[in-house]
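Asks: To start, I am sharing the structure in question, which I have written as structure tokens.
The values are calculated or read from the model by the stated rules, or taken from the named source; none is laboratory data. Quick caveat, the model's predicted, so the values are computed rather than measured. Every residue, glycine among them, receives a Cβ derived from its backbone with ideal geometry; neighbour counts consider all protein chains shown. Protein only, heavy atoms only, side chains kept; ligands, DNA and RNA dropped before computing areas. Shrake-Rupley method; radii C 1.70, N 1.55, O 1.52, S 1.80 Å.
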Amino acid sequence: MRVWRLLDTPPMSAAENMALDEVLVELRGQGQGPDTIRFLQFRPRAVLVGYHQSLAEEVRQGFCARQGIEVNRRVTGGGGLFFDENQLGWEVICDKGFFNLTLPTEPLFRALCQPVVTALGRLGIGNALFRPRNDIEVDGRKISGTGGTESGEAFLFQGTMLVDFDVDTMLRALRIPVEKLKAKEIDSVKERVTCLAWELGRVPPLEEIKAAVRAGFEAHLGIRLEPAGLTPEESALFEVKRELFRS
């Protein structure tokens, strides 16, 4: 059984989290650093735009500045995301050879989402499903959006675990085409998105969520996760990348 690193970083700023993403996939792509499952959290709150998105078109920058919401850019594609302290991110940073793949495919997305589907079942949500191309849903409502990127011989695949959801702040922070926020707009979001709190009627302790996700990845990938920190090479490059992502 292969041993992977479990990297459980404390809550970090948007710049720090995005810098570390780039560090991990870049060095793994060069054959340095272990295959990793990472948990990430944000403090303070943050809006993250996708790699190809226009900041001006996607984010209400004035509102974010007034509310102390950081803004940064992911190394992965996709749409804008709002991350507050209640959300948990999960990531897979892995050598492509582990899955015997050269390019991401739908079977890979399914293989990487299924551990989280299993984790949701352990938490009491037994009707979660993988939805192609790369989402996890509960009764047609998204509970985890995912995306990925690659560098050299490695890839990074990441997803959100919506624990609790501040719909009002998200609508105000992102340029969703809603100018006047009314109950019907919030209801519309709730028809398409859900979270653990809404499904379970409670907010599970963070360690319970992490344990379920960890068990899901160990079972589906046939690995053993061992907690560990950054390597010296990762730490050194992180100091460089952090300044870039703060700019």
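This table checks each residue for (1) open to solvent by less than 50 Å² (accessible area, probe 1.4 Å); (2) of a type in the set (Lys, Arg); (3) more than 19 Å from residue 161 (Cα to Cα).
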residue: 8; (1), (2), (3): no, no, no
residue: 32; (1), (2), (3): no, no, yes
residue: 52; (1), (2), (3): no, no, yes
residue: 66; (1), (2), (3): no, yes, yes
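Asks: Report yes if residue 72 is touching a helix residue (DSSP H, G or I) at 6+ places or on another chain (Cβ under 7 Å) and either open to solvent by 20 Å² or more (accessible area, probe 1.4 Å) or over 21 Å from residue 225 (Cα atoms) (or both), otherwise no.
Replies: On the way: touching a helix residue (DSSP H, G or I) at 6+ places or on another chain (Cβ under 7 Å): yes; either open to solvent by 20 Å² or more (accessible area, probe 1.4 Å) or over 21 Å from residue 225 (Cα atoms) (or both): yes.
Criteria met by residue 72.
Asks: Let me ask another. Residues in the stretch 101-137 that are closer than 22 Å to residue 204 by Cα and exposed (fewer than 14 other Cβ atoms within 10 Å of the Cβ): how many?
Replies: Counting residues in the stretch 101-137 that are closer than 22 Å to residue 204 by Cα and exposed (fewer than 14 other Cβ atoms within 10 Å of the Cβ) gives 3.
Asks: Is it the case that the stretch 205-216 has a residue that's outside any helix (DSSP H, G or I), open to solvent by less than 60 Å² (accessible area, probe 1.4 Å) and in contact with a strand residue (DSSP E or B) (Cβ under 6 Å, 6 or more places away or on another chain)?
Replies: Step one: filter the stretch 205-216 for residues outside any helix (DSSP H, G or I), giving 205.
Now drop any that are not open to solvent by less than 60 Å² (accessible area, probe 1.4 Å), which leaves none.
No; the residues of the stretch 205-216 include none that is outside any helix (DSSP H, G or I), open to solvent by less than 60 Å² (accessible area, probe 1.4 Å) and in contact with a strand residue (DSSP E or B) (Cβ under 6 Å, 6 or more places away or on another chain).
Asks: On to the next question. Can you list residue pairs whose Cβ atoms sit under 8 Å apart, with the first residue in the stretch 147-162 being farther than 26 Å from residue 125 by Cβ and the second being of a type in the set (Ser, Thr, Tyr)? Count only pairs 6 or more apart in sequence or on different chains.
Replies: Note: pairs meeting the criteria are 149/51; 149/76; 155/149.
Asks: Separate question: Return the residues of the stretch 226-242 that are of a type outside the set (Val, Ile, Thr) and either in a strand (DSSP E or B) or without any contact (Cβ under 8 Å) to a residue 24 or more places away in the chain (or both); say none if nothing qualifies. Lay out the reasoning, then the answer.
Replies: Just the residues of the stretch 226-242 that are of a type outside the set (Val, Ile, Thr), to begin with: 226-230, 232-239, 241-242.
Result: 226, 227, 232, 235, 236, 239.
Asks: Say we look at the stretch 140-165 and pick out the residues that are part of a loop (DSSP other than H, G, I, E, B) and within 16 Å of residue 188 (Cβ to Cβ); which of these is nearest to the chain's Cα centre (by Cα)? Full working, then the answer.
Replies: At the first step, the residues of the stretch 140-165 found to be part of a loop (DSSP other than H, G, I, E, B) are 140, 152-153, 162-165.
Imposing the further condition that a residue be within 16 Å of residue 188 (Cβ to Cβ) reduces the set to 140, 165.
Details: 140: 20, 165: 15 Å.
Filtering the stretch 140-165 for residues that are part of a loop (DSSP other than H, G, I, E, B) and within 16 Å of residue 188 (Cβ to Cβ), the one nearest to the chain's Cα centre (by Cα) comes out as 165.
Asks: Can you find, within the stretch 146-168, the residue that is farthest from residue 108 (Cα to Cα) among those that are surrounded by fewer than 18 Cβ atoms within 10 Å (Cβ to Cβ) and modelled with pLDDT under 90? Show your work before the answer.
Replies: Of the stretch 146-168, the ones surrounded by fewer than 18 Cβ atoms within 10 Å (Cβ to Cβ) are 150-153, 164, 166-168.
Then drop every residue that is not modelled with pLDDT under 90, which leaves 166-168.
Values: 166: 31, 167: 31, 168: 34 Å.
Ranking the qualifying residues of the stretch 146-168, first place goes to 168.
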